Amino acid sequence: MTAPITAQHLSVKKSFRPGELWLDTDGKHINAHGGGILFHKGKYYWFGEHKVAGPDGNKAMAGVSCYSSKDLYNWKNEGIALAVAAENSGSEIEKGAVIERPKVIYNEKTKKFVMWFHLELKGQGYNAARTAVAVADKVTGPYTYLKSFRPHAGVWPANATEAHKTVPVIVKDNDPAWEQKVADGALLQRDFEGGQMSRDMTLFVDDDGTAYHIAASEENRTLHISKLTDDYTGFTDEYVRVFPGGRNEAPAIFKKGGKYFMITSGLTGWAPNAARSAVSEHMMEGWKQLGNPVRGTEEEKNTTFSSQSTFVLPVQGKKNAFIFMADRWRPKNPIDGRYIWLPLIFEDGKPVLKWQEEWTLDTLMQKNESDD
Ligand code: GAL
């Protein structure tokens, strides 16, 4: 059921109301799902999946949307940043492909904006499992599509063991030990030649300018963290497996007090599940689980407020002020999917999320002020 649009929806917004219709400055529900945000020259740019109405609405009919905002409450539609190619054009990103979780980063050296996203080729369901990249000279686009691929063909991860490299682990469909064998490297080995699967993904740029691509690989059982090349448009050979067999999806990464934190979801398709969190001193090793970040009712904990993570946004100019961004998917009518933005606070060194009907950035600052 779609809630009626009220005058309150249309006025200038001064707060966040998670889960409600979120109208842009034209009065239309923001269409930027599975998104991420780039801050550039005083403005936030929100990139996300453009969805359409109806059960097929998760397919890319237009491309990747872009919205801009100075205050994070009021968003202007900047149009389609990366457009799909014409139907039957044979392009990898032709209309009807699946384009998910786009993220944009800015490369200081090349002065280019670099967009990565999860790509599924048209008519192939979710079998392609590729990552894809596009670049632009202007933040809002137009982005030029470069390529898609399965990463790291012929390359072992830095934390592969000798056994991974030399002792084959064969897994067949319906194998009762399927999950364990995947954790033990069966799909890592299977995909060694052709490249590793890459589905739900995010990007993270570290203080030293190094950019990382973090994706659900091995049939969404294991996260792979990969270092991008200096120009951010390709993969280096450096990557690691994180939480093998851990079934983590929807990764969102941020840094606080010199440590890296990760929020992920479990693996249940469009249906929500309990979020997880993790911490490490280093991006490429030492990840430790911190448990479910949600504090609240059992239902809230089990479903992450009926949503799935997509990004953690550091609020500019404020120390330790983070916003957790998630999607409340509506697979039967994807365009009506809702956004859950909540303050991400810290308790006992762990990221914590609590439900708020309505909240403002001021409360976020206060909550984190006592935090070091
Ligand atoms: C989810 C994933 C989404 C989308 C969906 C398709 O688990 O996080 O990005 O791929 O599955 O079923």
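General remarks:
- Per-pair calculated FRET efficiency, R0 = 30 Å: residue 53 and residue 301 via Cβ, rounded to 0.05: 0.40
- Accessible-area composition of the chain, carbon plus sulfur, in percent [1.4 Å probe]: 51 percent
- Qualifying chymotrypsin sites (Phe, Trp or Tyr not before Pro) for the stretch 256-333 [loop in DSSP, other Cβ within 10 Å: at most 15]: 270
- For the chain, the equivalent ellipsoid derived from the Cα gyration tensor has semi-axes of 31, 24, 21 Å, listed largest first.
- Whole-number accessible area per residue in Å² for the chain, which is evaluated in the context of all protein chains at 1.4 Å: 43 Å²
- Distance between the pseudo-spin-label points of residue 162 and residue 363 (7 Å out from Cα toward the beta carbon): 5.7 nm.
- Stretching the chain fully between residue 109 and residue 206 yields a gain of 33.5 nm (0.36 nm per residue, less the alpha carbon separation).
- The simple Förster model, with R0 at 45 Å and r as the Cβ-Cβ distance, assigns residue 26 and residue 179 a FRET efficiency of 0.45.
- From helices alone, the chain scores -2000 deg cm²/dmol at 222 nm; the rule is -39500 (n - 2.57) for each run of n ≥ 4 DSSP H residues, then divide by the residue total.
- Sites count as exposed loop sites when they are GluC sites (Glu not before Pro), lie in a DSSP loop, and have at most 12 other Cβ atoms within 10 angstrom; the longest stretch of the chain without one is 194-280.
- Residues whose amide H comes within less than 5 Å of that of residue 51, counting only those at least five positions distant or on another chain, are 33 (H built at 1.01 Å from N in the peptide plane).
- Between the listed residues 98, 329, 11, the Cα displaced farthest toward the positive end of the dipole of the chain, a dipole computed from Cβ unit charges relative to the Cα centre, is found at 11.
- Derived scalar couplings between HN and Hα for the stretch 148-154 equal 9, 5, 9, x, 6, 4, x Hz in order, rounded to whole Hz, by the Karplus curve 6.51 cos²θ - 1.76 cosθ + 1.60 (θ = phi - 60°), x for Gly and Pro.
- On the beta carbon distance between residue 88 and residue 332, with R0 = 22 Å, the FRET formula returns roughly 0.20.
- Cleavage-rule hits (trypsin sites (Lys or Arg not before Pro)) in the stretch 86-188: DSSP loop, at most 13 neighbouring Cβ within 10 angstrom: 109, 111, 138, 172
- Whole-percent pair-distance distribution, where bins are 10 Å wide, for the alpha carbons of the stretch 15-149: 13, 44, 31, 11, 0
The values are calculated or read from the model by the stated rules, or taken from the named source; none is laboratory data. Being a predicted model, the structure only gives us computed values, none of them experimental. Note that we place each Cβ from the backbone using ideal geometry, even for glycine, and neighbour counts take in every protein chain shown. When the accessible area is computed, the model is the full protein with side chains, heavy atoms only, and any ligands, DNA or RNA have been set aside. Shrake-Rupley method; radii C 1.70, N 1.55, O 1.52, S 1.80 Å.
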